[in-house]
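Participant: Below is the structure I would like to discuss, written out as structure tokens.
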Amino acid sequence: MIDKEKIAKAVKSILEALGEDPNRPGLIDTPKRVANLYSELFSGLQRDPTKELSTIFKDNSNELIILKDLPFNSLCEHHLLLFDGTVTVGYVSNKLVAGIGTIARSIEILSSKPQMQERLTKQIAELLEKTLQPSGVAIVIEANHLCMTINSPQAKESTLVTTCFSGVLKDSTSYREEFLSLIRKEKLNE
Ligand SMILES: [Zn+2]
């Protein structure tokens, strides 16, 4: 369980270490607020993403399915600062498909813990492999990291892209090219 009281105490210590007065009106409730916020932002530590992927439908087709540009946010484990962007999920179904909402919720759980973008990418791929047993998986995450840009305004425009390909989406050029051309397409109405 997340120990909110311990987080609040630690935040108070940080304020004291900074030479601030944690009892002044503006800061008096800050430790409690941060503790509540952290327990939400890190709630994925207490939840099992495979449970979210329980809404699975039987489907006899073997199709490439792409869920494009799902927004996500997470905290990097090196600085506990925000990184956010989009996740694109692709898989070639093998008799099982998952509801869109269930994939989105499981990504939200995997994001809600101290994370690294590279690991998150791999964990989403592994979760789909485990629950849907697809013929192949492709994950692409594009994100901006506050820890990269906060001290360096020229890094503002830089985006970190991470990928994970497996199965036919890794080994078959035609599947991989179909996936890449579909995700490169301009958004409708743009
Ligand atoms: Zn960082």
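The values are calculated or read from the model by the stated rules, or taken from the named source; none is laboratory data. Bear in mind the structure is a predicted one, so any value in this text is a computation, not a measurement. Note that we place each Cβ from the backbone using ideal geometry, even for glycine, and neighbour counts take in every protein chain shown. For accessibility, only protein heavy atoms count, side chains too; no ligands or nucleic acids. Shrake-Rupley method; radii C 1.70, N 1.55, O 1.52, S 1.80 Å.
Participant: Return yes when ASN36 is more than 16 Å from the ligand (Cβ to nearest atom), free of Cβ contacts under 8 Å to residues at least 40 places away in the same chain, more than 17 Å from the chain's Cα centre (by Cα) and not assigned by TED's automatic domain parsing to the domain that holds SER172 and no when it is not.
Facilitator: Details: more than 16 Å from the ligand (Cβ to nearest atom): yes; free of Cβ contacts under 8 Å to residues at least 40 places away in the same chain: yes; more than 17 Å from the chain's Cα centre (by Cα): yes; not assigned by TED's automatic domain parsing to the domain that holds SER172: yes.
When the stated conditions are applied, ASN36 passes them.
Participant: Step by step: first the residues of the range 114-167, then only those that are of a type in the set (Lys, Arg) and at pLDDT 95 or above, then the one that is farthest from the ligand (Cβ to nearest atom). Which residue is that?
Facilitator: LYS122
Participant: Working only within the range 47-66, note down all residues that are open to solvent by 30 Å² or more (accessible area, probe 1.4 Å) and either within 16 Å of the ligand (Cβ to nearest atom) or of a type in the set (A, V, I, L, M, F, W, C) (or both).
Facilitator: Within the range 47-66, the subset open to solvent by 30 Å² or more (accessible area, probe 1.4 Å) is 47-48, 50-52, 54-66.
Once the filter is applied, which keeps residues that are open to solvent by 30 Å² or more (accessible area, probe 1.4 Å) and either within 16 Å of the ligand (Cβ to nearest atom) or of a type in the set (A, V, I, L, M, F, W, C) (or both), the range 47-66 yields ILE56, PHE57, LEU64, ILE65, ILE66.
Residues are listed down the side, and each one gets a yes or a no for (1) touching a strand residue (DSSP E or B) at 6+ places or on another chain (Cβ under 8 Å); (2) without any contact (Cβ under 8 Å) to a residue 40 or more places away in the chain; (3) within 17 Å of LEU169 (Cα to Cα):
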| residue | (1), (2), (3) |
| --- | --- |
| PRO71 | yes, yes, no |
| GLU77 | yes, yes, no |
| LEU82 | yes, no, no |
| LYS95 | yes, yes, yes |
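Participant: Of (1) under 14 Å from the mean Cα position of the chain (by Cα); (2) buried (at least 19 other Cβ atoms within 10 Å of the Cβ); (3) away from the ligand (no atom under 16 Å from the Cβ), SER111 satisfies all except one. Which?
Facilitator: Failing condition for SER111: (3).
Participant: What single numbered condition from (1) surrounded by fewer than 13 Cβ atoms within 10 Å (Cβ to Cβ); (2) free of Cβ contacts under 8 Å to residues at least 24 places away in the same chain fails to hold for ASP171?
Facilitator: Checking ASP171 against (1) surrounded by fewer than 13 Cβ atoms within 10 Å (Cβ to Cβ); (2) free of Cβ contacts under 8 Å to residues at least 24 places away in the same chain, the one that fails is (2).
Participant: Might you check whether a residue that is within 16 Å of the ligand (Cβ to nearest atom) and crowded, with 21+ Cβ neighbours inside 10 Å occurs anywhere in the range 84-98?
Facilitator: So far as the range 84-98 goes, no, none of its residues is within 16 Å of the ligand (Cβ to nearest atom) and crowded, with 21+ Cβ neighbours inside 10 Å.
Participant: Next up: Report, by residue number, each residue of the range 148-162 that is in contact (Cβ under 8 Å) with a residue 40 or more places away in the chain and loosely packed, with under 15 Cβ neighbours inside 10 Å.
Facilitator: ILE150, THR159, LEU160
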